[in-house]
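Below is one structure, written out as structure tokens, with a few remarks after it.
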Amino acid sequence: MRKNVLSIIFLLFVSICLTFVSAKADDDWKPAKGILLSKFAKDVNPNNVLQEYPRPQMVRDEWRNLNGLWDYAILPVDQKYDDDQGEILVPFAVESALSGVARRVGKDNNLWYEKSIEIPKKWNGKRIMLNFGAVDWKCEIFVNDKLVGSHQGGYTPFSVDITDALENDDDQEILVKVWDPTTDGPQPIGKQHNNPHGIWYTPVTGIWQTVWMEPVSAAHITKVLPISNIDDKTVSVTVFAEGIDDDCEAMLKGKTAKFVDGKATISFDFADAELWTPDNPKLYDLSVSLKQKGETVDKVKTYFAMRKISLGKTEDGITRMMLNNEFLFQHGPLDQGWWPDGLYTAPTDEALKFDVQMTKEFGFNMLRKHVKVEPARFYYHCDSMGMLVWQDMPSGDTAHYISPTDPDAVRSPESVAIYEDELKQMISAFEFFPSIIMWVPFNEGWGQFDTPRIVDMVRQLDGTRLVNNTSGWSDRNCGDVYDKHVYPGPDMFPPEENRATVLGEYGGLGLPIKGHSWKDDGNWGYVSFNDKEGLFKRYQQLNRALRKLIIKGLSAAVYTQTTDVEIEVNGLMSYDREVIKMPTDKLYESNTKLRVPLSEGATETKLISRCAKSEDQIWKYSTEKPADNWAACDFDDSAWKEGPSGFGTKETPNSIVRTLWDTNDIWIRRVVEFSEESLVDLSAIQLYIFHDEDAEVFINGKQVASFENYVGDYFFADMDTDVLKEVLKPGKNTVAVHCKQTRGGQYIDLGIVWEAPAKK
């Protein structure tokens, strides 16, 4: 007896020592030295990393999270794993600071993960599923040296049944092998690049979403898909299952249905339901059971929403995007979902939720998830908070990126098969979430191929949502929307009979924040600013211009972007989420004003002075520095040359050059007539200008506007109304412009418009 007691004491001592060593190892963990950490990095704990239930659309009570420290090694592709090279914090990509590793892998190496796990005794007799949120890109999973499954695709969840590989020992060894060529392969990669630069970012390799396991019965539910119909006030729920036989049936709300080809569908009436909207994101809970011979063998909790997305016509006869059969202008940021410390992976669930919450607080009702797919919890947060989502398919096969004027790419059979397989995976995995209202298979010609066929494929996979054939550039006259990209914009394509017109990207107003940027120097934005005041002033100008486009038929606009990403500083927030670049309350007010009824504030645009976009105008111009009073009404410009607008070099994108200007500076002048009626509301007078680069605008010798850097197209801009009040007069007025060029293309042209109240 005494011997047994001593043995027990010894085992307890060993257990305590091992626990102490393990805890000490975890305490020793710290992020790898990185360029920048987010404000959430301090909350990352290897003993408690991303512990939230990872599949909110199908919840089981029994599960175990496997996030935390794993052993890892990076080895040549022809070398087998024999020993680890250290520890990695799962689920952060090996290149990230939060992984604790921050190493590159590349096409010539495999990344290996190893971990010992214990299966709870109470799970005996169950099938044990090992689940991965996402692994980039191709992986094989071994348990106790037995291959139990493989997966190809970097953005979607998958599961493997490990039951038959388990041994009687308490410890089970999991080994995961990952290969990811990034830009050296044709697979979807989004913004990842082996040579990060400009809009291309650090590669992401390996496990980057939660790893977890759960016990299930041999017959078990694999997916639940509710589809609501607000027109006939019904809900149809399809239950998918595996391991079923003729004695199995699905049950919910007291109704049962037999399985046919692995799925069963149950419908029920829901006449009194509240409709889901961004302002009222009402979700309804639902419990689904799988019964076998009358006994419940599996049960999951899920939810659904009553909402409809479609095209329809408003009273003005324009085809627009409709939510619940009503027009709602959709406005939100291009959301890239990158983190300075976790790359593809938010440091915490609170961090994942933070970007959505701030998007709401900024007054937006939509976001475009840009060439990336998020964990299921992201879309759950969007469902819960009322955020519409345009979901991009991650782009890839960089060898087949096409320009706006090129025909569709011809990709290899391997590349096509990979793309289509991963597109199907994405739609199947995320069609559950009501917040997702549109699929975007291509962005800006990035690997764009067989566009009409791919649009048809998406419609067949999911007929309940809209399809954007390509966001920007190479439209193929199919899908549900006609999508324009313009920086800074805004602008739109004319309305069409059968498609809505949308602005898939605009803005790009850049402001680097020292101490909160990826780099102190070398950052860029589409349009750069030196301070928050100038940034917000321009943003308000964009919104005023947007309102005019909404009245003309614009259904949606996507502002670039939610946060800075690496050297891009176009974010509403800094990359580390520490700094919000515009006043939140004023931003909210400015954005929500865009959603007033179309009849409110309707105006019609009247031309005071045309630009080259409509017809050429004759200006006096000089490329030699003139006298100081060159902008005054009484300045003698008789020695200046005359030429039609615009002025610049023809290589400048989107320019309409009728007079060559290839020196560093140009000064232009012309007389413009203003009517008495146009001067009643000076805030309604705007410039329609395209400048490359710095420009100063004067009226009757006084400066009324100035612009830094360059833009890529025409845009509406306000003038200083206090100065206009001082200098403008009915009749003839002198408009003068100075433009300075230092690099690249060059161009200057402008017109003046007046937004007159619409005649009723």
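Restricting attention to region 172-198, the residues that are among the aliphatic types (A, V, I, L, M) and either modelled with pLDDT under 95 or touching a Ser or Thr at 6+ places or on another chain (Cβ under 9 Å) (or both) total 3.
The residues in region 667-707 that are open to solvent by less than 40 Å² (accessible area, probe 1.4 Å) and of a type in the set (S, T, N, Q) can be counted, and the count is 3.
Does P494 fit the bill of being open to solvent by 30 Å² or more (accessible area, probe 1.4 Å), under 30 Å from A756 (Cα atoms) and either among the aliphatic types (A, V, I, L, M) or in contact with a strand residue (DSSP E or B) (Cβ under 8 Å, 6 or more places away or on another chain) (or both)? The answer is yes for P494.
Kindly indicate whether any position in region 573-588 is among the basic types (K, R), at pLDDT below 95 and farther than 27 Å from K372 by Cβ. No. If you go through region 708-760 and keep only what is under 21 Å from P488 (Cα atoms), over 33 Å from the mean Cα position of the chain (by Cα) and open to solvent by 70 Å² or more (accessible area, probe 1.4 Å), you end up with K740, T742. Residues that are part of a loop (DSSP other than H, G, I, E, B) and modelled with pLDDT under 95 do not occur anywhere in region 619-627.
Taking N664 as the residue in question, decide whether it is of a type in the set (S, T, N, Q) and open to solvent by 50 Å² or more (accessible area, probe 1.4 Å).
Values: of a type in the set (S, T, N, Q): yes; open to solvent by 50 Å² or more (accessible area, probe 1.4 Å): yes.
Yes.
Would you check if there is a residue in region 536-552 being in a loop (DSSP other than H, G, I, E, B) and either open to solvent by less than 10 Å² (accessible area, probe 1.4 Å) or touching a residue at least 12 places away in the same chain (Cβ under 8 Å) (or both)? Steps first, please.
From region 536-552, those in a loop (DSSP other than H, G, I, E, B) are none; that's our starting set.
No, because not a single residue in region 536-552 is in a loop (DSSP other than H, G, I, E, B) and either open to solvent by less than 10 Å² (accessible area, probe 1.4 Å) or touching a residue at least 12 places away in the same chain (Cβ under 8 Å) (or both).
Consider L323 carefully, then state whether it is open to solvent by less than 30 Å² (accessible area, probe 1.4 Å) and under 30 Å from E600 (Cα atoms).
Numbers: open to solvent by less than 30 Å² (accessible area, probe 1.4 Å): yes; under 30 Å from E600 (Cα atoms): yes.
In short, yes.
Taking region 557-591 as the search range and keeping residues that are among the hydroxyl-bearing types (S, T, Y) and over 29 Å from F493 (Cβ atoms), which one is surrounded by the most Cβ atoms within 10 Å (Cβ to Cβ)? Explain how you work it out, then say what you get.
So in region 557-591, the residues among the hydroxyl-bearing types (S, T, Y) come out as 559-560, 562-563, 574-575, 584, 588, 590.
Going one step further and asking which of them are over 29 Å from F493 (Cβ atoms), we end up with 574-575, 584.
Working: S574: 24, Y575: 26, T584: 13.
In this case the residue turns out to be Y575.
In this structure, is T603 among the β-branched types (V, I, T), over 30 Å from L36 (Cα atoms) and at pLDDT 95 or above? Against the criterion (among the β-branched types (V, I, T), over 30 Å from L36 (Cα atoms) and at pLDDT 95 or above), T603 does not qualify.
Just to check your reading of the model, which residue among K519, K514 is within 23 Å of the chain's Cα centre (by Cα), open to solvent by 40 Å² or more (accessible area, probe 1.4 Å) and either more than 21 Å from F707 (Cα to Cα) or of a type outside the set (K, R) (or both)? Give the steps one after another, and end with the answer.
Numbers: K514 fails: within 23 Å of the chain's Cα centre (by Cα).
None of the other options fit; the residue is K519.
Taken as a whole, the condition of being open to solvent by less than 30 Å² (accessible area, probe 1.4 Å) and more than 30 Å from I199 (Cβ to Cβ) applies to A631. Considering region 263-295, and only residues there that are part of a strand (DSSP E or B), out of contact with any Phe, Trp or Tyr (no Cβ under 9 Å at 6 or more places or on another chain) and of a type in the set (G, A, S), the residue that is least open to solvent (accessible area, probe 1.4 Å) turns out to be S289.
Screening E140 with (1) open to solvent by 10 Å² or more (accessible area, probe 1.4 Å); (2) among the acidic types (D, E); (3) within 30 Å of S38 (Cβ to Cβ) gives one miss only, at (3). Being small (G, A, S), touching a residue at least 60 places away in the same chain (Cβ under 8 Å), within 22 Å of I689 (Cα to Cα) and touching a helix residue (DSSP H, G or I) at 6+ places or on another chain (Cβ under 8 Å) holds for only one residue in A557, A612, A632, and it is A557. Evaluating K299 against the criteria (1) over 30 Å from N468 (Cβ atoms); (2) open to solvent by 50 Å² or more (accessible area, probe 1.4 Å); (3) without any contact (Cβ under 8 Å) to a residue 60 or more places away in the chain leaves one unmet condition, (3). Kindly evaluate D483 against the criterion of being over 20 Å from the mean Cα position of the chain (by Cα) and either open to solvent by 10 Å² or more (accessible area, probe 1.4 Å) or modelled with pLDDT of 95 or more (or both). The answer is no for D483. Per the listing V135, V90, V105, the residue uniquely more than 24 Å from T222 (Cα to Cα) and buried (at least 24 other Cβ atoms within 10 Å of the Cβ) is V90. Which pairs turn up if I take residues in region 313-325 that are outside any loop (DSSP other than H, G, I, E, B) and look for partners that are among the aromatic types (F, W, Y) and surrounded by 13 or more Cβ atoms within 10 Å (Cβ to Cβ) with beta carbon separation below 7 Å, at least 6 apart in sequence or on another chain? Qualifying pairs under 7 Å: R320/F327. Output the residues belonging to region 202-235 that are of a type in the set (S, T, N, Q) and either open to solvent by less than 40 Å² (accessible area, probe 1.4 Å) or more than 33 Å from the chain's Cα centre (by Cα) (or both). Residues satisfying the conditions are T202, T205, Q209, T210, S217, S228, T234. Exactly one condition in (1) loosely packed, with under 14 Cβ neighbours inside 10 Å; (2) over 23 Å from S675 (Cβ atoms); (3) over 36 Å from the mean Cα position of the chain (by Cα) is false for L607; which is it? Result: L607 passes all but (2).
Results for (1) under 26 Å from P120 (Cβ atoms); (2) open to solvent by 10 Å² or more (accessible area, probe 1.4 Å); (3) aromatic (F, W, Y); (4) touching a strand residue (DSSP E or B) at 6+ places or on another chain (Cβ under 6 Å), shown as yes or no for each residue.
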{"residue": "N144", "(1), (2), (3), (4)": "yes, yes, no, yes"}
{"residue": "G149", "(1), (2), (3), (4)": "yes, yes, no, yes"}
{"residue": "G153", "(1), (2), (3), (4)": "no, no, no, no"}
{"residue": "I162", "(1), (2), (3), (4)": "yes, no, no, yes"}
{"residue": "A165", "(1), (2), (3), (4)": "yes, no, no, yes"}
{"residue": "D171", "(1), (2), (3), (4)": "yes, yes, no, yes"}
{"residue": "L175", "(1), (2), (3), (4)": "yes, yes, no, yes"}
{"residue": "V178", "(1), (2), (3), (4)": "no, no, no, yes"}
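For region 243-262, a tally of residues being open to solvent by 30 Å² or more (accessible area, probe 1.4 Å), assigned to a strand (DSSP E or B), touching a strand residue (DSSP E or B) at 6+ places or on another chain (Cβ under 8 Å) and farther than 19 Å from K301 by Cβ returns 1.
Remark: pairs (first residue in region 456-475, over 18 Å from Q425 (Cβ atoms); second residue among the basic types (K, R) and assigned to a loop (DSSP other than H, G, I, E, B); Cβ separation under 6 Å; 6+ apart in sequence or on different chains) = N469/R476. Kindly evaluate F304 against the criterion of being in contact with a Pro (Cβ under 9 Å, 6 or more places away or on another chain), open to solvent by less than 70 Å² (accessible area, probe 1.4 Å) and either on the phi > 0 side of the Ramachandran plot or touching a residue at least 40 places away in the same chain (Cβ under 8 Å) (or both). For F304, the condition - in contact with a Pro (Cβ under 9 Å, 6 or more places away or on another chain), open to solvent by less than 70 Å² (accessible area, probe 1.4 Å) and either on the phi > 0 side of the Ramachandran plot or touching a residue at least 40 places away in the same chain (Cβ under 8 Å) (or both) - is met.
The values are calculated or read from the model by the stated rules, or taken from the named source; none is laboratory data. These figures come from a predicted structure and were not determined experimentally. Don't worry about glycine lacking a Cβ; one is built from the backbone with ideal geometry, like all the others, and counts go over all protein chains shown. Areas reflect the complete protein model, heavy atoms only, side chains present, ligands, DNA and RNA absent. Shrake-Rupley method; radii C 1.70, N 1.55, O 1.52, S 1.80 Å.
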